[in-house]
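Engineer: Sending over a structure as structure tokens; questions will come in a sec.
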Amino acid sequence: MKRNPESNAFTLLEITIVMAVLLILIGVTISLISPVSSKGKARDNKRLSDISTLDRVINEYRLDYGQYPGLENFLYTSNYLPAGSPDLYSARSGWIPVDISDYTTRYSVDPVNDAIYHYEYFHNSADYEVSTRLEQLMDKASEDGGNDPLKYELGTNLLLITP
Ligand SMILES: [Ca+2]
């Protein structure tokens, strides 16, 4: 049986169209799942939750002891040891070396905890600030009223930690 060359060409066109549709579908699926971005968002959500817990603990500590935990005018950072170091987490003496075990089970540490992404805490006699650098949720970082558009800041004076 003799094949019609035009029907062959049509089949090739069909294959090309199907391939193109498949490629588009794969592209759409990848962009919907977007693993890199969703991991960054998940880390940011953990940071927001952690910093809010730390904020609560600091306020409860101050209510009980009449002062903020730790040394005045000293910048505490959660990355002074590498992530995973047990000394960072202990509620009795973590990256802020103050016992907060009455208020929480452990100090939270940034999921990345390197030179860029880490938690910070600073206070003087009157005010305090805690902050965390965000990866994706930049509107949270820029609309908090603080002085650093890359960090989410909480506290009574958001100008204490200089960017
Ligand atoms: Ca900010």
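Values quoted throughout were computed directly from the atomic coordinates according to the rules given, and no laboratory measurement underlies them. Keep in mind that this is a model prediction, so the values were computed, not measured. Neighbour counts run over all protein chains shown; Cβ positions are idealised from the backbone, glycine included.
Engineer: Just to be sure I follow the definition: excluding the sites themselves, where is the longest run in the chain that has none of the trypsin sites (Lys or Arg not before Pro) in a DSSP loop with at most 11 other Cβ atoms within 10 Å?
Structural biologist: Excluding the exposed sites themselves, the longest stretch runs over 4-91.
Engineer: Please build a GNM for the chain, connecting alpha carbons under 10 Å apart, and tell me which residue among 17, 116, 100 fluctuates the most.
Structural biologist: Ranking 17, 116, 100 by mean-square fluctuation puts 17 first.
Engineer: A further question follows. Quick one: angle between helix 35-65 and the longest Cα principal axis of the chain, in degrees between 0 and 90, rounded to 10, please.
Structural biologist: Taking Cα atoms only, the helix is inclined about 10 degrees.
Engineer: While we're looking at this one, here's another question. For helix 5-33, what angle does its Cα long axis make with the longest principal axis of the chain, in degrees from 0 to 90 and rounded to 10?
Structural biologist: Compared with the principal axis, the helix lies near 10 degrees.
Engineer: Also, I was wondering about something else. Which of the GluC sites (Glu not before Pro) found in segment 101-163 are loop residues per DSSP with 16 or fewer other Cβ atoms within 10 Å of their Cβ?
Structural biologist: Listed in order of number, the matching sites are 143.
Engineer: If you don't mind, another one. Given contacts defined as C-alpha pairs under 8 Å and at least six residues apart, what's the relative contact order of the chain, whole-number percent?
Structural biologist: 19 percent
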